[in-house]
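None of the figures in this text is laboratory data; all of them are computed from the coordinates on show. Because the structure is predicted, anything quoted here is derived from the model rather than measured. Cβ placement follows ideal geometry from the backbone for every residue including glycine, while neighbour counts extend to all protein chains displayed.
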Amino acid sequence: MSEPKKLYIKTYGCQMNVYDSERMSEALGGQGYVETQSPEDADMILLNTCHIREKAAEKVYSELGRFKGLKAEKPDLKIGVAGCVAQAEGEEIMRRQPLVDLVVGPQSYHRLPELEAKARAGEKALDTDFPEEDKFEKLKNRPKAKRGPTAFLTVQEGCDKFCAFCVVPYTRGAEVSRPADRILREAQDLVERGVREITLLGQNVNAYHGAGPDGDMTLAGLIWELNKIDGLERIRFTTSHPNDMTDDLIEAHGTCEKLMPYLHLPVQSGSDKILKRMNRSHTAESYLRLIERIREARPDILMSGDFIVGFPEETEEDFQATLDLVEQVRYGYAYSFKYSIRPGTPAAERPQVDPQEADDRLQRLQALITRHQREIQDAMVGRTVRVLFEKPGRLAGQMVGKSEYLHAVHVSGADLSAGDLRNVRITASGANSLAGEVL
Ligand code: 5AD
Ligand code: SF4
């Protein structure tokens, strides 16, 4: 048998890219590739890229530049760019960086085997189509190897919302939901391979409306079906849009035992003027009311969110409204970003905020978010949480897992294996994680 070829994949950006990288690695597995953790050993390097902010794309180009030496030493090395930068820039990537052999968009990576063969034959291989066929159907025979206790599962892709700052509707295309039976089959298969927690993924996951046995199924409907799978212990989903938080989904947070009390619900800004200019079609008030309803259904739910500061024409007063909203919600986790101009999106053309002012706002917002995050994490001390253990910690005899609220929890000196689900009393709150003892 010939030596397997080695594949090095580096993943940037969101969890959907993490899932896609897994699937791309599996697709190339059929071509005789096994994964390696070191680019020096690789016969193929694949960067799975993110285009959400300008810095993300620039990082890809500088990373590509670093492979020049490797390619000179090993002319057979093939270099590919996948993901959203591939989709957005297409051929331009090969023009700007001639060492790139292969460019494949997020909707066409089921064609990787043919593209790889083309690249091996010395041609440039490019595919950024939005094909009719379903890539997941083409890639349906997933390997049967044992897996860790947690997994991502993409159920919906693309977005029709066109927020004025965002490239997703252009790079990932229109909103599409996978049929429910295929998702359930994939989930069952993951559970048989050792998975105990599944995070359902979609750019707009709560807009899910996949074909079910009696017409379209909602995300809540899908969650209730997953809830029936023996051996699956936990269900999460991300990322949601406030406008798609349907009653059945809110109710499921109160009644579905396997659905975890954590919700990522980006609002982006607390100013109605800015929300309108962002084309968000909700107000700060409607978002706060929504959170009230979610907390009525599940009082202990931990909220998480995304924010953009320095969006075109954001004033200090608008920014204050964002701080007010954060004070009212108190997020357990929140991610905040300085507005980044994305050419081709509507906001790119508008009057920009002074970059220093935007930096200053970002720092102030992050300080407030960090304070809340800390307070919420510290308040876990003394409480009992349920932890799904995932892997050994850095110290000898230590295991680390996640609580239902997604806090990392360390336990030392207990007889634990990955996949164990235990009650843990929290004894200390550290910089980014909790520590506790198994009850
Ligand atoms: N600039 C800054 N942040 C952005 N996001 C999306 N587009 C931009 C942009 N142009 C942020 C939003 C989104 C998260 C994934 O990235 O907050 O929710
Ligand atoms: Fe981008 Fe808005 Fe769609 Fe989210 S909802 S992916 S921010 S356009």
Next on the checklist: With unit charges on the beta carbons (Lys and Arg positive, Asp and Glu negative) and the dipole taken about the Cα centre of the chain, which residue among VAL34, PRO98, GLY210 sits farthest to the positive side?
Outcome noted: VAL34
Checklist entry - Taking only the alpha-carbon positions of the stretch 35-168 and ignoring solvent, what does the Debye formula give for the base-10 log of I(q)/I(0) at q = 0.09, 0.12 Å⁻¹? => result -0.30, -0.54
Item to check | Distant-in-sequence amide H partners of TYR262 (H built 1.01 Å from N, under 5 Å) | outcome: LEU302
Checklist entry - Suppose every K and R has +1 on its Cβ and every D and E has -1 on its Cβ; what is the size of the dipole of the stretch 91-173 about the Cα centre, in Debye to the nearest 20? => result 540
Next on the checklist: As a test, work out the antiparallel percent of DSSP beta bridges whose residues both lie in the stretch 84-203, rounded to the nearest 5.
Outcome noted: 20
Item to check | DSSP-defined antiparallel bridges as percent of all bridges, the stretch 156-285, nearest 5 | outcome: 40
Next on the checklist: Under 10 Å, Cα contacts only: if you run a Gaussian network model on the chain, which one of ALA321, ALA414, ALA297 comes out with the highest mean-square fluctuation?
Outcome noted: ALA414
Next on the checklist: Please report the spacing between the Cα centers of the stretch 154-194 and the stretch 351-408 in Å, no decimals.
Outcome noted: 26
Checklist entry - Got a sec to turn the phi values of the stretch 317-322 into Karplus ³J(HN,Hα) couplings, 6.51 cos²θ - 1.76 cosθ + 1.60 with θ = phi - 60°, whole Hz, x for Gly and Pro? => result 5, 4, 5, 4, 5, 5
Checklist entry - Around ARG383, which amide H atoms from residues at least 5 apart in sequence, or from another chain, sit under 5 Å from its own amide H, with H modelled in the peptide plane? => result ILE426
Next on the checklist: Could you work out [θ]222 nm for the chain from helices alone, using -39500 (n - 2.57) per DSSP H run of at least four and dividing by all its residues? Round to the nearest 500 deg cm²/dmol.
Outcome noted: -10000 deg cm²/dmol
Checklist outcome for this item: Listed with the fewest Cβ neighbours within 10 Å leading, ILE223, ILE341 appear as ILE341, ILE223
Checklist entry - What trypsin sites (Lys or Arg not before Pro) does the stretch 65-138 have in DSSP loop regions with at most 15 other beta carbons within 10 Å? => result LYS124
Item to check | Hz values of 3J(HN,Hα) by residue in the stretch 374-379 - Karplus curve (6.51, -1.76, 1.60), Gly and Pro given as x | outcome: 4, 4, 5, 5, 4, 5
Checklist entry - Which whole-number percent is the relative contact order of the chain (Cα, under 8 Å, 6+ apart)? => result 10
Checklist entry - Out of every Cα pair in the stretch 1-79, what percent are spaced more than 15 Å from each other? => result 58
Next on the checklist: Explain nothing, just the number: relative contact order of the stretch 253-377, from Cα pairs under 8 Å at least 6 residues apart, as a whole percent.
Outcome noted: 27
Checklist outcome for this item: Listed residues THR171, THR11, THR255; largest mean-square fluctuation, Gaussian network over the chain with Cα springs below 10 Å, found at THR255
Item to check | Backbone N under 13 Å from the VAL34 label point (7 Å along Cα→Cβ), restricted to the stretch 133-151 | outcome: none
Checklist entry - Considering amide H positions built from the backbone, and no H for Pro or chain starts, which residues 5 or more places from ALA82, or on another chain, come under 5 Å of its amide H? => result LEU47, ASN48, THR49, VAL104
Checklist entry - What stretch of the chain, leaving out the sites themselves, is the longest with no GluC sites (Glu not before Pro) in a DSSP loop having at most 12 other Cβ atoms within 10 Å? => result 258-439
Next on the checklist: Taking θ = phi - 60°, what integer Hz values does the Karplus form 6.51 cos²θ - 1.76 cosθ + 1.60 yield along the stretch 337-345, in sequence order, with x for Gly and Pro?
Outcome noted: 9, 7, 3, 10, 5, 10, x, x, 9
Checklist entry - Put +1 on the Cβ of each Lys and Arg and -1 on the Cβ of each Asp and Glu in the chain; which of TYR333, SER21, ALA428 then has its Cα farthest toward the positive end of the dipole? => result ALA428
Checklist entry - For the chain, what is the percent of antiparallel DSSP beta bridges, rounded to the nearest 5? => result 35
